[in-house]
Amino acid sequence: MLTIISWIALAIGIICTLIIVIDVSRHPQMMKIMNVVWPINGWFFGPFAVWAYFKWGRLKAKDANEEDDRKNSAKVFVSSSHCAGGCTFGDIVGVPIVAMTGIAIAGSTLFAHYLVEFLLAYLFGIAFQFFAIYPMDKDQGVMQSFKASIKADTLSVITFQIGMFGWMAIVHYLLFTTPPKPHEPTYWFMMQIAMIIGFLVSFPPNWWLVRKGIKEAM
């Protein structure tokens with residue numbers, strides 16, 4: 001039954017991603033990196049991501065003709081989605097690397113996933129932030145934009161990964177006698193849940209970063 005549920009959840013995620021990809025290709029975002037972020041979020045947030053995209057994301061399209069009257073909570077949601085997009089991309093890239101190399105830390109593949117996926121999530125998280133900051137003010141230079149990206153997104157990435165890794169630990173040690181493997185649909189269904197939890201854990205820090213002016217509301 002769980003396998004069937006997993007296939008359904010994954011299919012819904014892929015369909016939602018495709019819906020957003022098709023629409024964003026017709027209505028590109030003013031901030032180019034969001035053309036990538038919204039589809040990634042569609043994979044794990046499913047129909048909610050589609051709803052959020054059409055309600056809030058479309059307001060930031062190049063051809064938008066509606067007034068951007070979003071509340072601050074909606075802007076923080078988009079900022080958190082931006083962070084989640086980079087982290088999720090890094091985590092998804094990291095999974096097959098660990099699976100194919102068979103690396104382990106202290107005899108545990110879970111710890112190897114933690115290390116590899118955190119490094120990649122941080123790398124892509126900062127990269128996504130850089131491509132949000134640098135195009136808005138190229139006069140400040142690449143290095144200054146890179147430093148601003150680290151300052152803006154480090155806490156977001158760390159808290160996202162804490163939430164995600166916490167769920168992975170529950171899956172690995174508590175929910176299954178034999179944890180699901182990356183070639184099984186259940187594994188990726190658990191990853192979808194992990195991304196949602198990571199998003200929820202990172203939302204309050206993102207709110208704080210935006211309120212303090214360390215991170216721009218999107």
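Summary table
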item: Candidates Lys147, Lys181, filtered to the one that is of a type in the set (Lys, Arg), out of contact with any strand residue (DSSP E or B) (no Cβ under 9 Å at 6 or more places or on another chain) and without any contact (Cβ under 8 Å) to a residue 24 or more places away in the chain; result: Lys147
item: Pair list, Cβ under 8 Å, 6 or more apart: the stretch 197-213 residue within 12 Å of Asn72 (Cα to Cα), other residue buried (at least 19 other Cβ atoms within 10 Å of the Cβ) and among the hydroxyl-bearing types (Ser, Thr, Tyr); result: Asn206/Ser79; Asn206/Ser80; Asn206/Ser156; Val210/Ser79
item: Options Tyr122, Tyr173; residue that is open to solvent by 30 Å² or more (accessible area, probe 1.4 Å), of a type outside the set (D, E, K, R), in a helix (DSSP H, G or I) and over 22 Å from Phe45 (Cα atoms); result: Tyr173
item: Boolean, Met136 is of a type in the set (A, V, I, L, M) and closer than 26 Å to Pro185 by Cβ; result: no
item: The stretch 24-45, residues that are open to solvent by less than 50 Å² (accessible area, probe 1.4 Å), touching a residue at least 40 places away in the same chain (Cβ under 8 Å) and not aliphatic (A, V, I, L, M); result: Trp38, Asn41, Trp43, Phe44, Phe45
item: Test: Thr109 is buried (at least 17 other Cβ atoms within 10 Å of the Cβ) and without any contact (Cβ under 8 Å) to a residue 40 or more places away in the chain; result: yes
item: Residue ID - farthest from the chain's Cα centre (by Cα), chosen from residues in the stretch 23-39 that are part of a helix (DSSP H, G or I) and more than 18 Å from Ile12 (Cβ to Cβ); result: Arg26
item: Selected residue (only one of Gly42, Gly13 is modelled with pLDDT of 95 or more, in contact with a Cys (Cβ under 6 Å, 6 or more places away or on another chain), part of a helix (DSSP H, G or I) and of a type in the set (Gly, Ala, Ser)); result: Gly42
item: Only listed residue being within 21 Å of the chain's Cα centre (by Cα) and not small (Gly, Ala, Ser), chosen from Thr109, Thr159; result: Thr159
item: Residue match in the stretch 187-194 (condition: in contact (Cβ under 8 Å) with a residue 12 or more places away in the chain, open to solvent by 50 Å² or more (accessible area, probe 1.4 Å) and not in a helix (DSSP H, G or I)); result: no
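Let's see how each residue does on (1) buried (at least 20 other Cβ atoms within 10 Å of the Cβ); (2) part of a helix (DSSP H, G or I); (3) modelled with pLDDT under 90:
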{"residue": "Gly90", "(1), (2), (3)": "yes, yes, no"}
{"residue": "Phe128", "(1), (2), (3)": "yes, yes, yes"}
{"residue": "Tyr134", "(1), (2), (3)": "no, yes, yes"}
{"residue": "Ala152", "(1), (2), (3)": "yes, yes, yes"}
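The values are calculated or read from the model by the stated rules, or taken from the named source; none is laboratory data. The model shown is predicted, which means the values in this text are computed figures rather than measured ones. Cβ coordinates were reconstructed from backbone atoms using ideal geometry, including for glycine residues, and neighbour counts include every protein chain displayed. Only protein heavy atoms, including side chains, enter the accessible area calculation; ligands, DNA and RNA are left aside. Shrake-Rupley method; radii C 1.70, N 1.55, O 1.52, S 1.80 Å.
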